[in-house]
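The values are calculated or read from the model by the stated rules, or taken from the named source; none is laboratory data. Treat the numbers as computed from the prediction; the structure is a model and nothing was measured. Cβ placement follows ideal geometry from the backbone for every residue including glycine, while neighbour counts extend to all protein chains displayed. Side chains included, ligands, DNA and RNA excluded: accessible areas come from the protein's heavy atoms. Shrake-Rupley method; radii C 1.70, N 1.55, O 1.52, S 1.80 Å.
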Amino acid sequence: MGKEQEEIVEKFRSHFKRKMCKPMVIYGTGLSAEALITKCRDYPIAGVMDLAKTGEYFCGLPVLSQDEMVEKRLKRIIVAARPSVHGIIYKRIQRWCKEHGIEVLDICGNDVAEKTANHERSLPYFQETYEDLKREIDAHEVISFDVFDTLLMRKVYEPTDVFLLMDLELSGRFPFVFSKERKSAEQRRRENTEPTIYEIYREMGEKNGLSGEILQELLELEIAYEKRVLCIRERMKRCMEYCVRQGKEVYLASDMYFPAEILEELLEEQGITGYRELLVSCDYGTPKPGRLFDILREKTSGNCLHIGDQMEADYRSPKRHGMDAFLIMPAVGMMECSAYSDALVYLGNIESRVMLGMLASQVFNDPFALCESKGLPEIRDGETFGYALIAPLVLSFAVWLFHEVKKQKNSVLLFSARDGWLIQKVFRKLKAGWRLSGLPQDVYFMVSRKALEIADGEDVQAGRGYREYLDKLELGRYEEIYFFDFMSRGTCQWMLEKISGRKCKGLYFQKSVSGIAGKDAIEVRAYLEETSVQEKEWRIFALCDFLECILTSYEPSFIRFDENGSSIFDKEGRTAKQMDILKQIHAGILRYCDDFAGIMPKLPEDMPPYMFCDEILRYLSSEYSRIGIPGLEDFVLDDWLGGDKNTGRDALL
């Protein structure tokens, strides 16, 4: 048990007197929870709570469901997790706790509900600056860096999420769940040593009767998935390069099961070179809280500064070994302390864990991103804006779309202009990334209400160009016609069916009731299952016009085809600056989809609920973010029926 866990047990015992304690449940299945349970067996701990592990056992105790807690009349929960996530945990169970009169306390007996209500997003760390770090570096001759969450980070919520990704690829291959066996093998080996990855897999092989060939395959697969999720923390990479330029002796020190031969390869692939030596706990048989810093000190004679993200391993430990230390925050830890923390309420399946990790890697990549910001992240360019705030919704809709279209050869998916332009690009990118086959032919379909009205009008000559366009598409040869639209009452699909004589299956973000029998009778499946935008106070409904400005092409509204079959567009109302921002946002959205498809081994079956995406959309507001992208506030929806609507300024309020 580490020093931090010892302190947790001591605090718990000092604030909760055993004889006066009523039955309780420990919330959490991490090291802190393990320490409390194993060292406080004399307390009336009736079980454990972890919404992701209900029905399992932890340290010999059942992981209880909410119903089981009510049935057993348990009225007290002790949260054994880091303070920064107490509010997130409480929000997950808040309504249920109030309904059943259950108190939620931290290890010191403080009411978590009260702490959450009074929590301000202001920490002493938010006053630290990169210049402060550089001054410390300049005052030392030897600089050592931690590796994971300092120089490198993963685009997942927790390191062990890599094993969950492997579960998806290995599903059905073994009579056991890989992730559980992988974690259990490491825990057993850590009881006596600092194991290497090779020793961990040997342990797993001995228990499960796996051959050397299979173990080598699994080991290589784990390294491959690490490479998929790894990225650099750009500011810290530049910081290390600054140290090298200044002539400092630079070392890397890591508590890790990857020996130096593997870790050096991972670092080199991310462009991290120039250090003198890499010291890894598994190579030396001792971690940083053990003797690893002593070994480092033996290699150099100058005054040493260590930089890392863990309080015990990277701050207290080097200080105990005669070194100075500078503590930075990991990206996920920063997100937990920021205005974005409510998104973590939706932390659940591996898809959400990847999406939250990707959000952290983009917005909180810089350890000093929240400096003097009171927890409000700053977003200064369109690509980051698109990646962090818009892409989760676009990706989630695209995955839903794949599941909605039938895998049959003779079908077509019409991505209607202009809202379908970007969605089609995302569709094709994900289709290629996951190597999906048997899907409908996808077509960017030139359509607008105005064009359909002209085609359906009394002036046959004016509508001839569009009817000829429909004839060339040969819609009659398809057994199934899917029609994409964004937020709509179904006008375009209804008119298209009328003109073409073919029924379509609409696939929309959202469809509203029009009050017109014909429109309301068309067949539509919607990602947002709402019949009226008045039914829910969702952020997406307040942003629908703004999102329409984003999910659009670089051409103005389509009006008609001329006699030569050329497209006639309305006058362009967007400025060159706005077009540049739009292209940046699109680049961010497409990069996000690339990253997600590169991390997830196959098309997800179960994405986070759309409330998760709606929560992310809330962060467009000045209440949550400091968005400084000149020109974004001037985005206007040029709706020929409803007039121009200034949507950018409203979205960022």
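Annotations
- Residues (in contact (Cβ under 8 Å) with a residue 40 or more places away in the chain and under 19 Å from Pro124 (Cα atoms)) located in the range 366-388: Asp366, Pro367, Phe368, Leu370, Cys371, Glu372, Ser373, Lys374, Gly375, Leu376, Pro377, Glu378
- Looking across the range 328-359, just one residue is under 19 Å from Ser622 (Cα atoms) and at pLDDT 95 or above, and that is Leu359.
- Flag for Ile454 being among the β-branched types (Val, Ile, Thr), under 24 Å from the mean Cα position of the chain (by Cα) and buried (at least 16 other Cβ atoms within 10 Å of the Cβ): no
- Checked against the criterion of being over 23 Å from Ser567 (Cβ atoms) and outside any helix (DSSP H, G or I), the range 427-435 has at least one qualifying residue.
- Condition check for Gln461: farther than 21 Å from Phe561 by Cα, loosely packed, with under 13 Cβ neighbours inside 10 Å and modelled with pLDDT under 95: no
- Restricted to the range 72-86, and to residues there that are assigned to a helix (DSSP H, G or I) and in contact with a Ser or Thr (Cβ under 9 Å, 6 or more places away or on another chain), the residue that is farthest from Ala331 (Cα to Cα) is His86.
- Every pair of residues 6+ apart whose Cβ atoms lie under 6 Å, when the first sits in the range 254-268 and is part of a helix (DSSP H, G or I) while the second is open to solvent by 20 Å² or more (accessible area, probe 1.4 Å): Ala260/Asp283
- Criterion: surrounded by fewer than 18 Cβ atoms within 10 Å (Cβ to Cβ), modelled with pLDDT of 95 or more and over 20 Å from Glu269 (Cβ atoms) - qualifying residue of Asn208, Asn192: Asn208
- Answer residue from the range 180-196, given it is of a type outside the set (Asp, Glu) and touching a helix residue (DSSP H, G or I) at 6+ places or on another chain (Cβ under 7 Å) and is nearest to Met166 (Cα to Cα) among those: Arg182
- Residue that is nearest to the chain's Cα centre (by Cα), among those in the range 481-501 that are open to solvent by 30 Å² or more (accessible area, probe 1.4 Å) and of a type in the set (D, E, K, R): Arg489
- For the range 430-437, the criterion of a residue being open to solvent by less than 80 Å² (accessible area, probe 1.4 Å), in contact with a strand residue (DSSP E or B) (Cβ under 7 Å, 6 or more places away or on another chain) and modelled with pLDDT of 90 or more is satisfied by no position.
- Val63 meets all of the listed conditions (1) touching an Asp or Glu at 6+ places or on another chain (Cβ under 7 Å); (2) β-branched (Val, Ile, Thr); (3) within 22 Å of Ser341 (Cβ to Cβ) but one, namely (3).
- Filtered residue count, the range 559-570, keeping only those that are surrounded by 15 or more Cβ atoms within 10 Å (Cβ to Cβ) and touching a Lys or Arg at 6+ places or on another chain (Cβ under 7 Å): 1
- When residues of the range 279-295 are limited to those that are in contact with a Leu (Cβ under 9 Å, 6 or more places away or on another chain) and open to solvent by 10 Å² or more (accessible area, probe 1.4 Å), the one farthest from Val244 (Cα to Cα): Thr286
Residues checked against (1) open to solvent by 10 Å² or more (accessible area, probe 1.4 Å); (2) among the hydrophobic types (A, V, I, L, M, F, W, C); (3) farther than 18 Å from His140 by Cβ; (4) touching a His at 6+ places or on another chain (Cβ under 6 Å):
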site: Lys227; (1), (2), (3), (4): yes, no, yes, no
site: Glu241; (1), (2), (3), (4): yes, no, no, no
site: Lys248; (1), (2), (3), (4): yes, no, no, no
site: Ala253; (1), (2), (3), (4): no, yes, no, no
site: Tyr257; (1), (2), (3), (4): yes, no, yes, no
site: Leu267; (1), (2), (3), (4): no, yes, yes, no
site: Ile272; (1), (2), (3), (4): no, yes, yes, no
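- Residue in the range 124-174 that is surrounded by the fewest Cβ atoms within 10 Å (Cβ to Cβ), counting only those that are closer than 30 Å to Glu605 by Cα and of a type in the set (Gly, Ala, Ser): Gly172
- Filtering the range 29-58 to residues that are within 21 Å of Glu6 (Cα to Cα), assigned to a loop (DSSP other than H, G, I, E, B) and either open to solvent by 40 Å² or more (accessible area, probe 1.4 Å) or out of contact with any helix residue (DSSP H, G or I) (no Cβ under 8 Å at 6 or more places or on another chain) (or both) leaves Thr29, Gly30, Arg41, Asp42, Pro44.
- Of the residues Tyr90, Tyr130, Tyr157, the single one that is modelled with pLDDT of 90 or more, under 27 Å from the mean Cα position of the chain (by Cα) and within 17 Å of Ser341 (Cα to Cα) is Tyr157.
- Pairs, first open to solvent by 10 Å² or more (accessible area, probe 1.4 Å) in the range 414-425, second outside any strand (DSSP E or B), C-beta under 6 Å, six or more apart: Ala417/Met446; Ala417/Val447; Arg418/Thr552; Arg418/Ser553; Asp419/Leu551; Trp421/Ser553
- The single condition among (1) open to solvent by less than 40 Å² (accessible area, probe 1.4 Å); (2) of a type in the set (A, V, I, L, M); (3) more than 23 Å from Val332 (Cα to Cα) that Ile89 does not meet is (3).
- Of the residues making up the range 571-586, those that are open to solvent by less than 40 Å² (accessible area, probe 1.4 Å), in contact with a Gly (Cβ under 9 Å, 6 or more places away or on another chain) and of a type outside the set (S, T, N, Q) are Ile581, Leu582, Ile585, His586.
- Some residue of the range 275-298 being more than 27 Å from Arg189 (Cα to Cα) and polar (S, T, N, Q): no
Residue-by-condition table, conditions (1) aromatic (Phe, Trp, Tyr); (2) within 22 Å of Glu103 (Cβ to Cβ); (3) in contact (Cβ under 8 Å) with a residue 40 or more places away in the chain:
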{"position": "Glu7", "(1), (2), (3)": "no, no, no"}
{"position": "Lys17", "(1), (2), (3)": "no, yes, no"}
{"position": "Cys21", "(1), (2), (3)": "no, yes, no"}
{"position": "Cys40", "(1), (2), (3)": "no, yes, no"}
{"position": "Tyr43", "(1), (2), (3)": "yes, yes, no"}
{"position": "Val48", "(1), (2), (3)": "no, yes, no"}
{"position": "Thr54", "(1), (2), (3)": "no, yes, no"}
{"position": "Cys59", "(1), (2), (3)": "no, no, no"}
{"position": "Ser65", "(1), (2), (3)": "no, yes, no"}
